[in-house]
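The values are calculated or read from the model by the stated rules, or taken from the named source; none is laboratory data. These numbers were taken from a predicted model, which means no experiment stands behind them. Here Cβ is always computed from backbone atoms with ideal geometry, including for glycine, and neighbour counts include all displayed protein chains.
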Amino acid sequence: MKSPKNYCPIRSDESGMALLMVISSIALLTYLLADFTFETKVNQIKAYNAQDRIQARLTAEAGIHFSMGKLRIYQEARNKMEQNENVKNMLKPSVLDNVLTQPFIFPIPVGEDMSIIQKSAIDTFAKGTALKGELNVTMSKISGFLNPNNLRIVPVTDPSQEEEENRNQNSQFQSNNPDDDQAQQNKTPLEVTEDKILQMLKDVFERERETSDYFNTNYSNLDPEILVKELKYYVNNKGAIDDPMFPEIESKYEQAELTPKHAPMSSIDEFYLLAGWPEYIVNLVIDRFTVHEVGYIALNEINENTLRLIFPTVTELQSEEFFKYRDGDPEIQEEPKPFQSVEDFKNLVVNTLGIVSATKFDERQAEFKAANLNFGVAGKLYKVESIGRYNTAEVKITAYIDLPVKPQPKTTPGQNQNGQNQNQNQNQNPNANQNSNPNLNNNQNSQNGSNQSGKPQESKTEFMVPRIIEIRVD
C-alpha cells in the first residue's frame with residue numbers, strides 16, 4: 001500500500017527539549033536573582049535608614065546634654081547671685097535668662113558679614129566636634145500654672161494648720177454677695193485655678209462654636225464644668241471630695257472600662273485617658289496645661305490672664321499700665337523695665353498702680369507659696385526641644401528639666417536658722433552682750449536672718465542640680 005503524497009513520518013528524537021529546559025531554567029534563575037537583588041537592596045536601605053535614625057537620635061541626645069550643661073552653669077550663676085548682692089545688682093537675672101534660652105544650631109550658620117576670625121573660629125569648632133548631621137536646640141521657660149494637679153486637696157495632718165484652714169474657709173463666706181471684690185480676693189489658689197481652667201474652657205468652646213462646624217455638630221452640648229469636675233475626680237484621692245457630679249463621672253469610667261488614677265498626673269499625655277474628655281477637645285487645650293510643678297511664677301513672662309489670676313480685682317486700665325511699664329510703650333518710645341526682683345513687682349503693683357494694698361499683696365503671695373508657687377523673676381522649669389537630623393532621618397526629643405530649690409529649714413520663733421535656741425544661748429551667758437561691740441551684734445543678727453529692726457530677712461534661694469523629669473522621643 002502506498003503512502004499519501006503529503007504524508008510526513010513522525011520523528012522520534014528529543015533534541016529540542018534540552019533547549020527548552022535551558023531557556024526555562026535561565027528564566028527561573030533570572031527571576032530568583034532579581035527577587036534576591038531586590039530583597040537585598042530593600043534590606044540594605046532599611047539598615048541604612050536604621051543607622052541614620054540611630055545617628056539622628058544620638059545627635060538629638062547630644063542637644064539634651066548640651067542643655068543640661070547650660071543649666072548647670074546657670075544654676076551656679078544663680079546661686080552666686082543669691083549669695084552676693086553686688087553680683088545680683090550688677091547682673092540682671094533677665095539677661096542671664098536670655099542667655100540661657102538662646103537657641104543653638106549646628107552647623108553654625110556663617111554670615112557674609114562675619115569677619116575672618118569669626119569664620120575661622122566656627123570652622124575650628126566644626127572640625128573639633130564629634131557631632132554628625134544637623135542639630136537644632138530650643139529652650140523655653142514654663143511659667144504658666146494651669147496645672148490639674150493643683151486641684152488636689154492635700155490632707156492636713158497638723159491641727160494648727162487645720163484650724164488655720166478652717167478660719168480661711170469661714171472668711172470666704174463672710175460676704176453676702178459672692179461676686180463682690182472681697183469674696184473674689186479671698187479665694188484660695190486652688191479655687192482660683194479651678195475658676196481659671198473653667199474660664200479657659202469656656203473661652204475655647206465659644207471660639208470653636210463661632211469657627212468650627214465639626215465642634216457644633218459633635219460637642220456643642222459638652223459642659224466645661226463637668227470636664228473640670230472630672231479633672232478634680234481624676235487627680236484627687238478616692239473619697240477626698242464629695243460632689244453630686246462624681247457618681248455620673250464614675251459611671252463614665254465604668255462604661256469605658258477605664259480606671260481613674262486618683263493621684264497626681266505625671267505626664268501631659270494622661271489627658272487622653274480621661275473618659276469624658278474627647279480627643280478633639282484634648283488637642284484643643286493640651287498646650288495650655290502643665291502637669292509639672294512650676295514652682296515659680298516668672299513675673300517677666302506673665303500675661304494679662306495670669307495677672308488677673310494673681311490679682312482678680314485688677315482693672316483694665318491698671319493691667320494696661322502694668323504691661324506698658326514692664327514691656328515698654330512703642331508709641332511714646334518708652335523702654336521696657338523688666339523686674340529685677342519681687343520687690344520691684346510689689347512696688348509697681350502696690351505703690352505705683354495701687355492694684356492691691358501691701359497687706360493684701362503679702363497675703364496673696366503667702367497663699368500661692370502654700371500652693372508651691374513662688375513669685376520670681378526667673379524660671380525654674382524649662383522645656384527643651386532637641387531635633388537631630390542625619391541624611392533623611394529626623395528625631396525630636398522633648399525634655400522637661402527642673403531646677404529643684406533646696407528646702408529651707410523650718411525655724412520656730414525661739415530659734416535661728418541654724419536651729420539653735422537664742423534664749424538658751426542668752427541664759428547660758430547673761431552678761432555676754434553687756435560689753436559687746438554693737439557692730440558685732442548687728443553682724444550676728446544679720447547672720448541669724450534678722451536685721452536691726454528685728455524683721456526677718458528674706459531667705460536665700462539655692463538651686464540644686466538640674467534634673468530631667470519627663471522626656472519624649474518622636
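If you filter the range 334-392 down to residues that are touching a strand residue (DSSP E or B) at 6+ places or on another chain (Cβ under 7 Å) and charged (D, E, K, R), you find that the one that is nearest to ILE302 (Cα to Cα) is LYS380. Once the range 264-285 is narrowed to residues that are loosely packed, with under 14 Cβ neighbours inside 10 Å and without any contact (Cβ under 8 Å) to a residue 60 or more places away in the chain, the residue that is nearest to LYS229 (Cα to Cα) is TYR272. Would you check if ASN391 is closer than 30 Å to GLN51 by Cβ and out of contact with any Gly (no Cβ under 6 Å at 6 or more places or on another chain)? Considered against the rule, which asks whether it is closer than 30 Å to GLN51 by Cβ and out of contact with any Gly (no Cβ under 6 Å at 6 or more places or on another chain), ASN391 comes out as yes.
Flag not set for ASN149, criterion: under 19 Å from the mean Cα position of the chain (by Cα) and free of Cβ contacts under 8 Å to residues at least 24 places away in the same chain. Would the range 257-269 turn up any residue that is β-branched (Val, Ile, Thr), outside the structural domain of ASP362 (by TED's automatic domain parsing) and over 25 Å from the mean Cα position of the chain (by Cα)? Yes. Just one of the listed residues (GLU225, GLU230) is surrounded by 14 or more Cβ atoms within 10 Å (Cβ to Cβ), modelled with pLDDT of 85 or more and out of contact with any Ser or Thr (no Cβ under 9 Å at 6 or more places or on another chain), namely GLU230.
A count restricted to the range 384-405 and to residues that are under 29 Å from LEU190 (Cα atoms) and crowded, with 18+ Cβ neighbours inside 10 Å stands at 6.
Of note, ALA60 does not satisfy the criterion of being surrounded by fewer than 13 Cβ atoms within 10 Å (Cβ to Cβ) and within 17 Å of ASN391 (Cβ to Cβ). Please tell me if ILE249 is at pLDDT below 80, closer than 26 Å to ILE281 by Cβ and aliphatic (A, V, I, L, M). No. In summary, LYS80 fulfils each of the numbered conditions (1) more than 26 Å from the chain's Cα centre (by Cα); (2) within 26 Å of ASN300 (Cα to Cα) with the single exception of condition (1).
Within the range 249-263, work out how many residues are in a helix (DSSP H, G or I) and either touching a Lys or Arg at 6+ places or on another chain (Cβ under 9 Å) or among the aromatic types (Phe, Trp, Tyr) (or both).
Residues of the range 249-263 in a helix (DSSP H, G or I): 249-255.
Now drop any that are not either touching a Lys or Arg at 6+ places or on another chain (Cβ under 9 Å) or among the aromatic types (Phe, Trp, Tyr) (or both), which leaves 249, 253.
Number of matching residues: 2.
For the range 327-338, the condition holds for at least one residue, the condition being that it is surrounded by 17 or more Cβ atoms within 10 Å (Cβ to Cβ) and modelled with pLDDT under 85. Checked against (1) over 30 Å from GLU343 (Cβ atoms); (2) at pLDDT below 80, GLU82 passes all but a single condition, namely (1).
Just one of the numbered conditions (1) in contact with a strand residue (DSSP E or B) (Cβ under 7 Å, 6 or more places away or on another chain); (2) on the phi < 0 side of the Ramachandran plot is not true of GLU321: (1). Filtering the range 222-245 to residues that are within 23 Å of the chain's Cα centre (by Cα) and assigned to a loop (DSSP other than H, G, I, E, B) leaves only ASN236. Go through (1) buried (at least 18 other Cβ atoms within 10 Å of the Cβ); (2) touching a strand residue (DSSP E or B) at 6+ places or on another chain (Cβ under 8 Å) for TYR74 and report which single condition fails. Only one criterion is unmet by TYR74, namely (2).
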